[in-house]
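One structure below.
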Amino acid sequence: MGAGRTRQREKVSTGNSIHIRWMIRRDMPEVMRAERASFEYSWTEDDFLRCLRQRNCIGMVVEQAERIGGFMIYELHKTRLHLLNFAVHPSVRRTGLGRMMVGKLVYKLTSHRREKITLAVRERNLAAQMFFRAHGFRATRMLQNYYEDSGEDAYQMELKAPPYDAFDGFGVIGPVNRIAQFEEN
Ligand SMILES: CC(C)(COP(=O)(O)OP(=O)(O)OC[C@H]1O[C@@H](n2cnc3c(N)ncnc32)[C@H](O)[C@@H]1OP(=O)(O)O)[C@@H](O)C(=O)NCCC(=O)NCCS
């Protein structure tokens with residue numbers, strides 16, 4: 001296991017065939033595959049489309065060798081980014097794709113002078129809690145009966161913006177683009 005994982009990590013850090021870009025309509029089948037493989041209560045395609053039609057809602061995918069490895073959906077607010085959905089397909093987990101997406105978010109945060117990234121994570125989703133903790137997020141409060149589907153509680157987690165020059169270690173990549181392209185493509 002060690003050798004294979006190390007090779008994949010090197011691929012991530014060199015970044016040649018892996019990039020993060022705006023989600024477009026024709027990504028939906030692969031996004032849905034990752035979504036369904038990741039969550040017991042998954043979003044429908046309609047949920048994605050409804051969300052992405054909002055002007056402040058952004059969808060991004062991480063693409064590796066022309067396959068979608070993962071995606072994230074977040075909202076832009078005046079002082080914060082709120083993460084609504086975030087997943088990496090199980091076949092490519094623990095290879096650094098999630099880390100790259102967090103890096104992208106942190107870059108957006110600092111480059112737009114917003115103060116923090118917020119998200120809600122299910123109480124039972126320990127893997128995601130560990131993942132976000134490993135990237136500096138901290139639980140700030142308990143949200144009781146947060147999910148309509150199961151009635152489960154959630155933790156709100158937050159990452160405060162690091163100093164402007166401190167985000168380099170997250171492997172930030174690529175220029176900013178526009179959400180309008182989601183509908184156009
Ligand atoms: C959480 C998730 C996005 C992580 O994505 P990933 O690409 O596998 O994560 P990375 O490879 O970038 O992991 C980076 C670090 O995060 C931590 N981490 C990631 N997954 C972890 C896990 N299951 N348990 C503990 N720590 C974990 C580790 O420190 C890891 O570094 P390491 O591999 O050197 O130990 C992925 O497991 C996933 O899609 N889960 C299902 C969907 C989900 O729960 N989304 C969040 C909703 S709030």
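Roughly speaking, what is the centre-to-centre gap between the range 47-122 and the range 30-45 when only Cα atoms are used, to the nearest Å?
Centre-to-centre distance over Cα atoms comes out at 15 Å.
For the range 16-172, give the magnitude of the charge dipole about the Cα centre (Cβ charges: +1 Lys/Arg, -1 Asp/Glu; no others), in debye to the nearest 20. Please report the intermediate quantities before stating the final value.
Values: 25 positive and 19 negative charges, 106 e Å.
For the range 16-172, the charge dipole is close to 500 debye.
Among Thr79, Thr95, what is the fewest-to-most ranking by other Cβ atoms within 10 Å? Let's see the in-between values first.
Values: Thr79 9, Thr95 21.
Starting with the residue having the fewest Cβ neighbours, the order is Thr79, Thr95.
Based on other C-beta atoms within 10 Å, arrange Asp47, Asp149 from fewest to most. If you can, show how the numbers build up before the last one.
Values: Asp47 14, Asp149 9.
In order of increasing Cβ crowding within 10 Å: Asp149, Asp47.
Taking the square root of 5 times each eigenvalue of the Cα gyration tensor, what semi-axes in Å does the equivalent ellipsoid of the range 16-172 have, largest first? Kindly include the intermediate steps, with their values, before the conclusion.
Working: eigenvalues 88, 85, 49 Å².
Each semi-axis is the square root of five times an eigenvalue, giving 21, 21, 16 Å.
Which whole-number percent gives the relative contact order of the range 16-172, counting Cα pairs below 8 Å spaced six or more residues apart? Walk me through the numbers before you get to the answer.
Details: 260 pairs, mean separation 29.7, N = 157.
Reported relative contact order: 19 percent.
Local charge sum around Leu76 (other residues, Cβ-Cβ under 9 Å, Lys/Arg +1, Asp/Glu -1)? Let's see the in-between values first.
Details: positive: Arg55, Lys78, Arg80, Lys108, Arg114; negative: Glu75.
That sum, taken over residues with Cβ under 9 Å, equals +4.
Please report Met142, Met100 as a ranked list, fewest other C-beta atoms within 10 angstrom at the top and most at the bottom. Write down the numbers at each step before the final one.
Numbers: Met142 11, Met100 25.
Starting with the residue having the fewest Cβ neighbours, the order is Met142, Met100.
Just so you know, all these numbers are worked out from the coordinates, no wet-lab data involved. Note that the coordinates shown come from a computational prediction; the quantities given were computed from them, not determined experimentally. Glycine also receives a Cβ, built like all others from the backbone with ideal geometry; neighbour counts cover every protein chain displayed.
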